[in-house]
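A short worksheet on the structure shown next.
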Amino acid sequence: AYVMMAIRVAWYKVHRPLDFYANYFSIRTDKFDLDAMIGGEDSIIHALESLNEKKKTREGLSANEEEIEKSLSMSLEMVDRGYRFGHLDLYKSDSRRFIVDKETGLIIPPFIAIDGLGLAAAQSVIDARKEGPFLSKEDVLKRTQLSKTLLDRLDQMGALEGLDEENQMTLF
């Protein structure tokens, strides 16, 4: 049974790598350094080196940092194979699963990959976008359970690109 499972995993890793990595990050890891992962190879290497330096100190790594190290190591492998992460997307990101964007060939992170953003808030974004497109950042804040801090974090990560600050339109 273990050999058959290993063969299946290897087949997906070779023949359907984007699906493999999306599922790996969705199932096997809980903590992420999205800035490093989206930043590419140099950013991932820098984050791993920082964690390795901290590992050598007396405190060592916390459980969260060990999870982050695990996800960064797999991210580095993925990037070395020529695949990349896309930015969080207000209309494409799932609440908890990494997904493959077939149009761009990128892996789109879920909302809960942001530190501090829980499943209820992530699901509120999914439910709100089903009602229709967001008019502005103010509209996102009103229609979801996101706090202003989390909204700012989404904005920093590029998920709110193209949205105005307020619903008010200026004519002149």
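The values are calculated or read from the model by the stated rules, or taken from the named source; none is laboratory data. As the structure is a prediction and not an experimental result, all values here were calculated from the model. Here the Cβ positions follow ideal geometry from the backbone for every residue, glycine too, while neighbour counts run over all protein chains shown. Ligands, DNA and RNA are excluded from the accessible area calculation, which covers all protein heavy atoms including side chains. Shrake-Rupley method; radii C 1.70, N 1.55, O 1.52, S 1.80 Å.
Close contacts from the range 17-29, counting a first residue that is without any contact (Cβ under 8 Å) to a residue 12 or more places away in the chain and within 18 Å of residue 64 (Cβ to Cβ) and a second that is among the small types (Gly, Ala, Ser) and surrounded by fewer than 20 Cβ atoms within 10 Å (Cβ to Cβ), with Cβ to Cβ under 6 Å and a gap of 6+ residues or different chains, come to none at all. Restricting attention to the range 152-163, which residues are open to solvent by 10 Å² or more (accessible area, probe 1.4 Å) and in a helix (DSSP H, G or I)? Scanning the range 152-163 gives 152, 153, 155, 156. Return the total of residues in the range 101-151 being within 29 Å of residue 20 (Cα to Cα), in a helix (DSSP H, G or I) and of a type in the set (S, T, N, Q). Total meeting the criteria: 2. Of the set (1) exposed (fewer than 15 other Cβ atoms within 10 Å of the Cβ); (2) closer than 20 Å to residue 25 by Cβ; (3) in contact with a Lys or Arg (Cβ under 7 Å, 6 or more places away or on another chain); (4) at pLDDT below 90, all apply to residue 116 but (3).
Residue 75 falls short on exactly one of the conditions (1) farther than 30 Å from residue 136 by Cα; (2) modelled with pLDDT under 95; (3) touching a strand residue (DSSP E or B) at 6+ places or on another chain (Cβ under 9 Å); (4) among the polar types (S, T, N, Q), and that condition is (2). Here residue 40 passes the criteria (1) under 17 Å from residue 113 (Cβ atoms); (2) exposed (fewer than 15 other Cβ atoms within 10 Å of the Cβ); (3) modelled with pLDDT of 95 or more; (4) not basic (Lys, Arg) except the one numbered (3). On inspection, residue 127 fails the criterion of being open to solvent by 10 Å² or more (accessible area, probe 1.4 Å), free of Cβ contacts under 8 Å to residues at least 60 places away in the same chain and in contact with a Pro (Cβ under 7 Å, 6 or more places away or on another chain). Contact map, the range 143-169: first residue under 13 Å from residue 133 (Cβ atoms) and free of Cβ contacts under 8 Å to residues at least 24 places away in the same chain, second residue open to solvent by less than 80 Å² (accessible area, probe 1.4 Å) and part of a loop (DSSP other than H, G, I, E, B), Cβ cut-off under 8 Å, separation 6 or more or different chains; pairs are 143/134.
Being among the small types (Gly, Ala, Ser) and touching a Leu at 6+ places or on another chain (Cβ under 6 Å): is that true of residue 136 here? Taking the combined requirement at face value, the residue satisfies it.
Is it true that some residue in the range 79-90 is part of a helix (DSSP H, G or I) and among the aromatic types (Phe, Trp, Tyr)? Within the range 79-90, not a single residue is part of a helix (DSSP H, G or I) and among the aromatic types (Phe, Trp, Tyr). Under the condition of being closer than 19 Å to residue 23 by Cα and free of Cβ contacts under 8 Å to residues at least 24 places away in the same chain, the residues counted in the range 42-97 number 4.
So that you can scan it fast, the table gives a plain yes or no per residue for (1) charged (D, E, K, R); (2) touching a Leu at 6+ places or on another chain (Cβ under 8 Å); (3) surrounded by 13 or more Cβ atoms within 10 Å (Cβ to Cβ); (4) within 13 Å of residue 78 (Cα to Cα):
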site	(1), (2), (3), (4)
19	yes, no, yes, yes
24	no, no, yes, yes
28	yes, no, no, no
51	no, yes, yes, no
57	no, no, no, no
62	no, no, no, no
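Against the test of being within 17 Å of the chain's Cα centre (by Cα) and either exposed (fewer than 14 other Cβ atoms within 10 Å of the Cβ) or closer than 30 Å to residue 151 by Cα (or both), the options 94, 80 yield a single qualifying residue, 94.
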